[in-house]
């Protein structure tokens, strides 16, 4: 399963949606994911990929991690996974 597929599956689970309903251009808000759902998604993604996401739930606007869309989250995860593999 690709990184994109795994991230979409995790987000779909948090939003109680079918993974087919989660498109890369969708925002978390459009998917019905609130701040608690976002935090739960971040934790699930960190656990699934054994990475640490630089995200502060208390100040999401000040985070270096882009959560503006599913595609931006996937791109950020791919970068973190690649960095971890290179270290």
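Considering only the stretch 18-60, how many residues are touching a helix residue (DSSP H, G or I) at 6+ places or on another chain (Cβ under 8 Å) and surrounded by 11 or more Cβ atoms within 10 Å (Cβ to Cβ)?
Looking only at that region, the number is 26.
Looking at residue 11 and the list (1) surrounded by fewer than 16 Cβ atoms within 10 Å (Cβ to Cβ); (2) touching a helix residue (DSSP H, G or I) at 6+ places or on another chain (Cβ under 7 Å), which single condition is not satisfied?
So the condition that residue 11 fails would be (1).
Read-outs throughout are calculated quantities, based only on the coordinates presented, and are distinct from any laboratory measurement. Remember, it's a predicted structure, so these values are computed and weren't measured experimentally. Using ideal geometry, Cβ is built from the backbone for each residue, glycine included, and neighbour counts are taken over all protein chains shown.
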